[in-house]
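Report on the structure given below.
The values are calculated or read from the model by the stated rules, or taken from the named source; none is laboratory data. None of the values given here were measured: they were computed from a predicted structure. A quick note on method: Cβ atoms are made from the backbone with ideal geometry, for glycine too, and the neighbour counts reach across all protein chains shown. All accessible areas refer to the heavy atoms of the entire protein, side chains included, with ligands and DNA or RNA removed. Shrake-Rupley method; radii C 1.70, N 1.55, O 1.52, S 1.80 Å.
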Amino acid sequence: MKEREELELILNLIRKYNLPLSPILEYSIKEKMEEYPSDEQSNTIDNDKVAGNDTSVQGKQTIPETPVDVSSNELRIVDYGERTIAVVGNTKPHKDALKSIGGYFVFRTQWGPAWVFRDKKRDIVQAYIDGDTSVITRVEDEPEEQRKKRTSRFIIRVEYPDGRVFDSNLVWETLVDVVKYAGPENVARLNILCMGDNLISPRLNENPLYRSAQKEIGNGLYVCTYSSTDIKFKQIVRINIDCHLGLKVEKVYVDENGEQHSDNISSVFSMDGLKSGSRDRTKYSFEGGQMLSKRRFVFEVVKYYVRCHPQISYESLIRVFPATLHSNKTNGVIKRYNDVAKQVAINPDVRNRFFMKNDEVIVLSNGMKVVVHNQWGDDFDKFLNVAESLYTVKSSDESYVQSVSPSSNKDDGKPLVNLIESKEDKRIGYTVRLFPSQLKGEIVRVRVDRKGIKKLIVKTFNGDVVEVNDLPYLYEVLKR
């Protein structure tokens, strides 16, 4: 393997496994690659030697240093980043054509001045370099105003109630300024998702790509800015509406002269649309606990059930929370940690679909690790029905009424009631020993489920919480 191929392999491996890759390191590797000739350059060098034009010094071929000689009339495409390319060479005579295709001029690159494009335009740009000028015909027929918008970049302008205007050329700075104005804690409560996590997070993302775009905003909190201008615009509008900030939010585009032009897009027109089209953000709690988002509610219910049934096996657990509760039956509700880890090795994005942090992995009594699926959406109602059959569930929606399954009370004569907590039970505070685990603990609660079965909630001396039916052969009172 040649030196240039080895360096290319290093870059490919770093990107394949999402390893940290700073711009400085990427630049250094690509700069080093320029020291070694490509196959095409090697053939040119060999032909020069045959023709007697050997330019080597002491047997070593001198390779042109970067930046390239822009005085050359030849244009060529080079990789400028993971998703961008650059056209280098004498681009001045072609600036209008390159701009019309959708490029933007960068004065300083490692090759000197260059025109930068998205990688998806590589074929069009190469066709133009090869002499096909028809690729710009369609663009030239566009109206002047439309062409200006297409070839210009967009920013977000925010006008505050006190008259202050913020319109940074860096859109992420505008988002951060709005978050600080609204209060990071208030924005965090909106649960705006960004790259699989809350827009405002107290922790750095495990993915180095997302982590590099998190900006610290004080009090140990970070705001995720890894998103497009359109997404940031929607996030700011959402913050403005839900936090009642009274901001005027506009998307403006900046032309080639640096002048700003309003795009006539305001947050006012979309207020009703956003509210009606926004996702259901109702929160739920169970057994008198705190209100939780839907995904966290699913996780805490499964985790609590395992704590109350410490001897449960994986096979028994998936019978309680079957995969059919989710439309994606492959992922279901819970999966073995090892199975998910294998998927993550192939596709790192799978990690964002499960609760996989160290304190979120659930360990069963036999040592098996399981993780809970965190992507629910319209499937949540199926899980909610199961949770309601197990525990007392409350909702932040005042109109919510816990559903009751008619099949749970067929002909037993018991009324269809929600789960009842027996706060006055005299056994609360008793010390008991549980069978067959021999665990000792204190009765902290007594409740009755909808089937009329009384259950004891025991906090063991090792910190676990166990739920047992109120049957004499399942526990022994040691101390009253």
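Quick rundown of the values:
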| quantity | calculated |
| --- | --- |
| Relative packing of peptides 312-320, 437-445 - highest average C-beta neighbours within 10 Å first | 437-445, 312-320 |
| The stretch 316-365 shape via C-alpha gyration tensor axes, a/c threshold 1.5 | oblate |
| Sum of side-chain charges, Val340 neighbourhood, beta-carbon under 9 Å (Lys, Arg +1; Asp, Glu -1) | +4 |
| Label-to-label distance, nm, for residues given as Gln126 and Tyr160 (7 Å Cα→Cβ offset) | 5.0 |
| Rounded percent of accessible protein surface that carbon and sulfur make up, the stretch 354-395, 1.4 Å probe | 44 |
| Around Val465: net Lys/Arg minus Asp/Glu count, Cβ-Cβ under 14 Å | +2 |
| Packing-based order for 100-112, 122-134, using average beta carbon neighbours within 10 Å, highest first | 100-112, 122-134 |
| Cα-based shape type of the stretch 151-210, given that a ≥ b ≥ c are square roots of the gyration tensor eigenvalues and the cut on a/c is 1.5 | oblate |
| Extended-chain gain in nm, criterion 0.36 nm per residue less alpha-carbon gap, Asp359 and Glu315 | 13.6 nm |
| Greater than 21 Å apart at Cα, pairs in Lys329/Lys394; Lys369/Lys394; Lys426/Lys459; Lys335/Lys455 | Lys329/Lys394; Lys369/Lys394; Lys335/Lys455 |
| Restraint check, Lys30/Lys99; Lys180/Lys342; Lys232/Lys283, Cα-Cα greater than 29 Å | Lys180/Lys342 |
| Largest to smallest accessible area among Tyr226, Tyr181 [probe 1.4 Å] | Tyr181, Tyr226 |
